[in-house]
Amino acid sequence: MAAKTLSPASRPILASRFTRIPHPTTSTRFQPSVQLLPLDRRLIRPLSTYGYMQSKALVYSTHGEPRDKLHLHTYSISPPTRTSITLRMLAAPINPADVNQIQGSYPSKPPLGTALGTSVPSAVGGNEGVAEVLATGGECKTVGKGDWVIMKRTGMGTWRTHMQVDEGEVMKIPNKEGLSALQVGTVSVNPVSAYRMVKDYVDWSAFGLRDKEEWLIQNGANSGVGRAAIQFAKQWGIKSLNVIRERPGWKALKSELEDLGATKVVTESTLMERSFKDQVAEWTKSGREPIRLGLNCVGGKNATALAKLLSPDAQMVTYGAMSKQPTLLPTGLLIFNNITFSGFWVSKWSDRHAREKQQTVEDILNMMREGSFKDVPVQELLWDRGTKEEQLKEAVQGTLEGYRKGKGVFLFGET
């Protein structure tokens, strides 16, 4: 039996009960392991006599493991003309999807080409990041020198020191005051995914309930999306039940997520216990506080157990499959509980909803500026003139290996 789906185009953009609530806490910045100079004091490599700029990029020409397929390529960038702009990268995250693209297992793959002067058709890794405009062509109207911009679409290749694109391919950050490059460079994938999934799939005002009388449940609660969903739910008056893997130090992680605003945090082994549904019934007052949204990035038995806890007429949205196992859904959830199962892919959503993406990014950045949205923990890697190819390759490879303290992010120094 096919699961019911809800196409992105038919989903209304819901606005009820989503006025931002000032949050008493302040953002805690993750301290870099390497002290970086303020952006306005970092040295920019001077142009050559003919105005050309040297850039380095992590490229690949065939698919496989990053440590085997990536290499550092140096190329020249000519002065911008007409509507083209020259950018200097400030920060570029290493997302799991970026690694999957190199491995060849991701549905969307950037085209291979020789525009950068590579000996064989190649692509630059990375999809997310923030850059500073260094120079503009004579017909450029939307951005100027010194502006910060993020990429409008995926596949633009952000793992490089400099790049040249058309002004129409980037989104200007209207106000960068009070923001770090790390915050802006990591906003457009995980926080945007959480924001849209929590906001778009459920009309939280439909049942006429008051704030904090409705729930969402999610697995992968420690992920970037999970942490963002916790914070949005807290601000928007939604309780959250969060599932994490049982691992060394999980109790400290539980406290950390509760500090972000998580209502309840449990381990995957607790989720799988037969008696857990009784505990959930107690928390939700025997269903009088319905669990109306499920967020799934794991799949397998974990996702099945999560779906069984949803209230009738709820939505379950899948945006990942970290277990690489299929999600098996009992037929009764479809027939008798009328659960709707949907998928969300932020890359496709962003390509189809450019205006909504810009509004979402600006709203999240305002929350960051106000201190009501905390940064996700990251592992920073300084990329400057002295950074070796092997260091960059191992940083990318490590994204999918073992437990990490946070998402890997390239921070660009003197390049």
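The values are calculated or read from the model by the stated rules, or taken from the named source; none is laboratory data. The structure presented is a predicted model; accordingly, all values stated were derived computationally and were not measured. Here the Cβ is made from the backbone with ideal geometry for all residues, glycine too, and neighbour counts use every protein chain on show. We work out accessible area using only protein heavy atoms, side chains counted, and drop any ligands, DNA or RNA first. Shrake-Rupley method; radii C 1.70, N 1.55, O 1.52, S 1.80 Å.
Quick notes on this structure:
- Subset of region 156-166 (residues that are more than 22 Å from Leu381 (Cβ to Cβ) and open to solvent by 20 Å² or more (accessible area, probe 1.4 Å)): Gln164, Asp166
- Which listed residue is part of a loop (DSSP other than H, G, I, E, B) and among the charged types (D, E, K, R), from Glu132, Glu128: Glu128
- Matching residues in region 194-220 - criterion: being small (Gly, Ala, Ser) and either closer than 16 Å to Pro312 by Cβ or open to solvent by 10 Å² or more (accessible area, probe 1.4 Å) (or both): Ser205, Ala206, Gly208, Gly220
- Elements of type strands (runs of 3 or more DSSP E) in region 224-310, at least 2 residues being modelled with pLDDT under 95: none
- Count of residues meeting criterion [open to solvent by 20 Å² or more (accessible area, probe 1.4 Å), of a type in the set (Val, Ile, Thr) and part of a helix (DSSP H, G or I)] in region 362-398: 0
- Residues (farther than 16 Å from His63 by Cβ and open to solvent by 20 Å² or more (accessible area, probe 1.4 Å)) located in region 89-126: Thr114, Ala115, Leu116, Gly117, Ser119
- Counting only residues that are at pLDDT 95 or above and hydrophobic (A, V, I, L, M, F, W, C), region 383-395 holds 2 of them.
- When Thr62 is tested against (1) crowded, with 18+ Cβ neighbours inside 10 Å; (2) of a type in the set (S, T, N, Q); (3) free of Cβ contacts under 8 Å to residues at least 60 places away in the same chain, only condition (1) is not met.
- Top-ranked residue of region 314-331 - restricted to ones that are closer than 18 Å to Lys277 by Cβ and open to solvent by 30 Å² or more (accessible area, probe 1.4 Å), ranked as farthest from the chain's Cα centre (by Cα): Pro330
- Matching option when the condition is touching a Ser or Thr at 6+ places or on another chain (Cβ under 8 Å), outside the structural domain of Gln379 (by the TED database) and in a loop (DSSP other than H, G, I, E, B), among Asp203, Asp211: Asp203
- Within region 353-384, the residues that satisfy the criterion of being in contact with a strand residue (DSSP E or B) (Cβ under 8 Å, 6 or more places away or on another chain) and within 14 Å of Gln231 (Cβ to Cβ) are Val376, Pro377.
- Some residue of region 126-142 being among the hydroxyl-bearing types (Ser, Thr, Tyr) and touching a Phe, Trp or Tyr at 6+ places or on another chain (Cβ under 7 Å): no
- Against the list (1) within 22 Å of Asn190 (Cα to Cα); (2) among the β-branched types (Val, Ile, Thr); (3) modelled with pLDDT of 95 or more, the condition Thr399 fails is (3).
- The residues in region 151-169 that are closer than 20 Å to Arg82 by Cβ and over 17 Å from the mean Cα position of the chain (by Cα) can be counted, and the count is 8.
- Extreme residue, most open to solvent (accessible area, probe 1.4 Å), among residues of region 249-290 that are of a type in the set (Val, Ile, Thr) and closer than 18 Å to Ala307 by Cα: Thr270
- Check on Val378, within 15 Å of the chain's Cα centre (by Cα) and touching a residue at least 60 places away in the same chain (Cβ under 8 Å): yes
- The single condition among (1) open to solvent by 50 Å² or more (accessible area, probe 1.4 Å); (2) closer than 22 Å to Val346 by Cα; (3) outside any loop (DSSP other than H, G, I, E, B) that Met171 does not meet is (1).
- Region 345-361, residues that are under 23 Å from Val409 (Cβ atoms) and in a loop (DSSP other than H, G, I, E, B): Trp345
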